[in-house]
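Since every read-out is calculated from the coordinates, none of them should be taken as a lab result. Computed from a predicted model, the values in this text were never measured in an experiment. Cβ coordinates were reconstructed from backbone atoms using ideal geometry, including for glycine residues, and neighbour counts include every protein chain displayed.
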Amino acid sequence: MHPHLTRYHRFGLWLTKSVPGVYVFRYVWTPLDILVLRLTQGHRSLAPRAVPEVWLTTIGRKTQRTHSTAVLYLRDGDRYVVVGSNYGRGRHPAWAHNLRANGTATIQIGSHQQEVSSRSATPEEVERYWPRLLEVWPGGATYRWMTDREFWMFVLEPRPQVSPLARSE
């Protein structure tokens, strides 16, 4: 394992290697983390710094209202890769359906906010990114074991910023 990780992070990684640990994350840890993120407007999290977590805001496919949630990500250059594991549940998370329906979102990491376009990862990208995601969060293997569902993987890419002057021309 990585020697530079804190005991807190190592404990979390160990916990996700078991089904009971996944339930602790699903029903205790994540709700508390989302509460902290909401209270701090996405600036603070309970996740250790070594865990890459993005505050993802999507537009509801049915309601057209914004919905925000914390999602683990993998960085690839200026791209962000996210997976709809939903803790190994039998259904895809709502945010994944929203990304498929809308294709745009806002991400926030700390105080940095960015508009992104999303697309489904190609089979080649899934093959390349999945092992890297498991290095970051080995619990993904437990999630895969808990369901027969294929996880949807998305690549989030920065949306070009249009200057106000360009709009008026």
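Report, by residue number, each residue of the range 90-121 that is under 20 Å from ARG26 (Cα atoms) and surrounded by 15 or more Cβ atoms within 10 Å (Cβ to Cβ).
Within the range 90-121, HIS92, PRO93, ALA94, TRP95, ALA96, HIS97 qualify.
Does VAL155 satisfy the criteria of being touching an Asp or Glu at 6+ places or on another chain (Cβ under 7 Å) and crowded, with 16+ Cβ neighbours inside 10 Å?
When the stated conditions are applied, VAL155 passes them.
Take ARG128 and decide whether it is of a type in the set (Lys, Arg), over 27 Å from ARG38 (Cα atoms) and buried (at least 16 other Cβ atoms within 10 Å of the Cβ).
When the stated conditions are applied, ARG128 does not pass them.
Filter the range 76-96 for residues that are in contact with a strand residue (DSSP E or B) (Cβ under 9 Å, 6 or more places away or on another chain) and without any contact (Cβ under 8 Å) to a residue 40 or more places away in the chain; which is farthest from GLU135 (Cα to Cα)?
Step one: of the range 76-96, the residues in contact with a strand residue (DSSP E or B) (Cβ under 9 Å, 6 or more places away or on another chain) are 76, 78-85, 93-96.
Retained after the next criterion (residues that are without any contact (Cβ under 8 Å) to a residue 40 or more places away in the chain): 93-95.
Numbers: PRO93: 22, ALA94: 25, TRP95: 23 Å.
Only one residue fits best here, namely ALA94.
Could you run through the range 66-89 and say how many residues are in contact with a Gly (Cβ under 8 Å, 6 or more places away or on another chain) and buried (at least 17 other Cβ atoms within 10 Å of the Cβ)?
3
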